[in-house]
Amino acid sequence: MSDLDAFMDAGGTRLVRKVCSTALSPSRLPGLDHALNPYTRCGHDCSYCYAPYVMRTSPLDWGKGIMAKVNIPQVLAKELPRRQGVIGLGTVTDPYQPVEEETLLTRRCLEEIAKAGARVSVLTKSDLVLRDRDVLRQIRGAEVGITVNTISDARAGIFEHNAPPPSRRLRAARCLVDEGINTYVFLGPIIPTITDVDLEGLSQAISSSGVRSVMIDRLNLRPGMKARMCRRMVEASPSSLAEFEAHVDSDAYYSETTAMLESLLGEAGVRTASAF
């Protein structure tokens, strides 16, 4: 097999098999010592994703030509004995994006982490993570973050049309909590007309999932992101465009919405913290 070998998965997504030389890289995210990303790019292709800017890739190409690091479990196994600290699984791409159902790269990495007795924190917006709860239970102190930013499946579909709806993600959070796995909700990014469609309902749904910790993050616009999101809004919900544009650049809007969420979640006994 060559270093780069293109093929199609069962769903018709163009994948590129990539042979990697390293598995773990240093992480600058709070609480994480290492970053582990079995894929480059992401099939969820959310309109607001910051990862293309971090990876210096065009946002228009981010959901295309997903690179699967086919040998990453073996490389990880060799690196783990020399690394200490918490591994962040999915820092610039979702480890449970659609292709994972077929490639199993994330699951195989988790198996290596379990064998080595290492520590891991997973972040995803997919209920596919439930498939691997048997492995997660074997990892002492394993942590899973489930990303949601609205209670409305329909509103989520505007900017996250390739990701599982939030109702499924919150059910996954409930299941993980019931399995005894340390689980939190990553509430973000806050987006006008998306997150604020029902703040009370969102807070109640998070509380009902059983999680007791929430990290809140506002939308951080990057070059071209606002225009891209506006185009998507025109396609999916043109009546919301004016309100979206009125608030998307407003620091006051994000401060007020965050304060309201903190209050509602606090009343429900859920701890909140700023994501970054």
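Tabulated data for the structure shown
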read-out: Residue in the stretch 269-276 that is among the aliphatic types (A, V, I, L, M), closer than 30 Å to GLU179 by Cβ, at pLDDT 95 or above and loosely packed, with under 14 Cβ neighbours inside 10 Å present; value: yes
read-out: Pairs where the first residue, in the stretch 243-260, is in contact (Cβ under 8 Å) with a residue 60 or more places away in the chain and surrounded by 14 or more Cβ atoms within 10 Å (Cβ to Cβ) and the second is assigned to a helix (DSSP H, G or I) and among the β-branched types (Val, Ile, Thr), C-beta under 8 Å, 6+ apart; value: THR257/THR195
read-out: Residue that is part of a helix (DSSP H, G or I) and either closer than 22 Å to ASP45 by Cβ or among the small types (Gly, Ala, Ser) (or both), where the choices are ALA273, ALA205; value: ALA205
read-out: Exclusive hit being modelled with pLDDT of 95 or more, closer than 29 Å to GLU245 by Cβ and under 16 Å from the mean Cα position of the chain (by Cα), set VAL214, VAL144; value: VAL214
read-out: Test: ARG232 is over 29 Å from VAL120 (Cα atoms), basic (Lys, Arg) and not in a loop (DSSP other than H, G, I, E, B); value: yes
read-out: Positions within the stretch 50-69 being touching an Asp or Glu at 6+ places or on another chain (Cβ under 9 Å) and in a loop (DSSP other than H, G, I, E, B), in sequence order; value: TRP62, GLY63, LYS64
read-out: Filtered residue count, the stretch 168-180, keeping only those that are of a type in the set (Asp, Glu) and in contact (Cβ under 8 Å) with a residue 40 or more places away in the chain; value: 1
read-out: Residue count, the stretch 218-242 (criterion: among the polar types (S, T, N, Q) and surrounded by 15 or more Cβ atoms within 10 Å (Cβ to Cβ)); value: 2
read-out: Count of the stretch 70-106 residues which are among the aliphatic types (A, V, I, L, M) and either modelled with pLDDT under 95 or in contact with an Asp or Glu (Cβ under 6 Å, 6 or more places away or on another chain) (or both); value: 4
read-out: Any pair with Cβ under 7 angstrom, 6 or more apart, that starts in the stretch 181-192 at a residue that is closer than 10 Å to VAL211 by Cβ and ends at one that is part of a loop (DSSP other than H, G, I, E, B) and β-branched (Val, Ile, Thr); value: THR183/VAL211; TYR184/VAL211; VAL185/VAL211
read-out: Failed condition for LEU123, given (1) touching a residue at least 60 places away in the same chain (Cβ under 8 Å); (2) under 27 Å from GLU235 (Cα atoms); (3) of a type in the set (A, V, I, L, M, F, W, C); (4) surrounded by fewer than 23 Cβ atoms within 10 Å (Cβ to Cβ); value: (2)
read-out: Subset of the stretch 212-222 (residues that are touching a residue at least 60 places away in the same chain (Cβ under 8 Å) and of a type outside the set (D, E, K, R)); value: SER213, MET215, LEU219, ASN220
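Rundown of residues vs (1) part of a loop (DSSP other than H, G, I, E, B); (2) under 19 Å from the mean Cα position of the chain (by Cα); (3) modelled with pLDDT of 95 or more; (4) not charged (D, E, K, R), yes/no style:
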position	(1), (2), (3), (4)
THR183	no, yes, yes, yes
LEU221	yes, yes, yes, yes
ARG228	no, no, yes, no
SER240	no, no, yes, yes
ASP249	yes, no, yes, no
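Rundown of residues vs (1) within 17 Å of the chain's Cα centre (by Cα); (2) assigned to a loop (DSSP other than H, G, I, E, B); (3) surrounded by fewer than 23 Cβ atoms within 10 Å (Cβ to Cβ), yes/no style:
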| position | (1), (2), (3) |
| --- | --- |
| PRO95 | yes, yes, no |
| ARG107 | yes, no, yes |
| LYS115 | no, no, yes |
| LEU130 | yes, no, yes |
| GLN138 | no, yes, yes |
| ILE151 | yes, yes, yes |
| HIS161 | yes, yes, yes |
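The values are calculated or read from the model by the stated rules, or taken from the named source; none is laboratory data. The model shown is predicted, which means the values in this text are computed figures rather than measured ones. With ideal geometry, Cβ positions are generated from the backbone for all residues, glycine too; neighbour counts draw on all protein chains shown.
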